[in-house]
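Where a number appears in this text, it was derived from the coordinates with a stated rule and is not lab data. Predicted model only: the values in this text are computed from it and were never measured. Here the Cβ positions follow ideal geometry from the backbone for every residue, glycine too, while neighbour counts run over all protein chains shown.
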Amino acid sequence: MTLLDSAAILDDFERSAVTVETPGEVTIDALREVVHGPPSVANRNPVVHPADRRMLERLPEADRSRETIALYDTIEYAQTATVTYQGRRYEVASVADYDTHGGVWLILAQLLDEHAPEPDEDGGDP
Amino acid sequence: MIHLERLQAGLGSAIEAIVSDATVAWSPSQLPREQARRHLVTLQRLSGGHMTDDPTPRTTPVPTSATITVTGNPANARAVQVLATGARWRVIVPAATSNADLRDAIQAALSALGKSLDATLTPAGADAIVLTPANPAALHGITVRGSALLSDTTSLAKVTQGWESSRVQVSCSSADRTTAGGAHALAQTIRGALRRPSVTRLLDEYGIGLWDVGQVIDHARKSGSAWESHATLDLHVVQLSLDAELVPAAQSVAASVNADPQTIEIEVSP
């Protein structure tokens, strides 16, 4: 049975511009200090949409209430990468390889904590 | 003044030699969990800078320049040992290593991170290195043994020398929660091996003395963040502390005195 070539149909969907930042290689030097290499930044155009309930089941139960997006791309994202999408930063939480479907990767990324809103002048809740 | 880099590199090397299946890092540092091996040992200097006594400065010659010249027959295996400021650098080369290669190996050892020598190293000729100290204490007590000779020029300095102690915490984490294979056992292994002659020799190369090794404390209830067990022990270590201040050369004048019964003339020429 031939599986559906999902990679080919990605072009049928609207793509979104995202920036993928992958941390540099981590090494330990002679002084036993952890040295982080420079991060690599790549601009990608995956298909992006909010993760549905079935996708969220890939994640630990405690994390399912966080805002999560699903990205379909033709390359693998590092598990430690962060994704900037529409000005908000997401951390990669799950990477699944759909190689037999034509080389598609399903990446789930969760919103990183945002700054708390400024309190109003009365000191009350904004 | 002590060399903290020697403390970090020396203790790190010693513990790596004891527990080869553990990742050893100096704390605080951000090491992703997936980059660590099955066990993680982090080291942290909790306190330091305590002089063990009140050293009195004494005036003694210190090298203002030193030259190490390689000797010996390249047909034979050779060893050179350089001692300075409490640390020891050792270079062993096999037979058929030329004098120039031996010189380069000594220079590489002296330049290596961890046992930092505060001196500029300049190759001279085919078989010599000239060491120019960055501060008056940098080459204090330099001696060379083995297939090399040392020549130096010295100047008088007021040298303050003493032992400075630090308390270092060794923190062990493990992915194993069992008593026999977890962090507690790892800490006990480190504790038991730190007094081995091979480990003491290694620490001695970095100029580190081990005064006291504390008891292992099991923090089983504190484990978390992907680690199954956690234990700590404290070390009390000492290092040579050196400071030197060059003594200014005495000013001298050339003078002649002409005396006669009526007048006395003193003529001074600088």
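A few remarks follow.
- A simple spin-label model places pseudo-atoms 7 Å from Cα toward Cβ; at B:Ala108 and B:Leu46 they are separated by 4.0 nm.
- Averaged over the residues of peptide A:22-31, the number of Cβ atoms from other protein chains lying within 10 Å of each residue's Cβ is 5.
- With respect to chain B, whose longest principal axis is taken over its alpha-carbon atoms, helix B:99-111 is tilted by about 70°.
- Inter-chain Cβ neighbour average for residues B:22-31, partner chain, 10 Å: 4
- Separation between Cα centres of segment B:120-172 and segment A:48-65, rounded to whole Å: 61
- Rounded to the nearest 10 degrees, the inclination of helix B:4-18 to the longest alpha-carbon principal axis of chain B is 40 degrees.
- Pairwise FRET efficiency - B:Arg145 versus B:Thr178, Cβ, R0 = 56 Å, nearest 0.05: 0.75
- On Cα atoms only, tilt of B:183-193 relative to the major axis of chain B in degrees: 40
- Pairwise FRET efficiency - B:His219 versus A:Ala62, Cβ, R0 = 25 Å, nearest 0.05: 0.55
- Taking only the C-alpha atoms of the protein assembly as shown, Rg followed by Dmax gives 31.6, 130 Å.
- Scalar couplings 3J(HN,Hα) for segment B:228-237, obtained by applying the Karplus form with A = 6.51, B = -1.76, C = 1.60 to θ = phi - 60°, are 8, 8, 8, 8, 9, 8, 9, 10, 10, 10 Hz; x denotes Gly and Pro.
- Listed from fewest to most Cβ neighbours within 10 Å, the set A:Tyr85, A:Tyr90 follows the order A:Tyr85, A:Tyr90.
- Ellipticity at 222 nm from helices only: DSSP H runs of n ≥ 4 in chain B, each -39500 (n - 2.57), divided by the residue count, give -5500 deg cm²/dmol.
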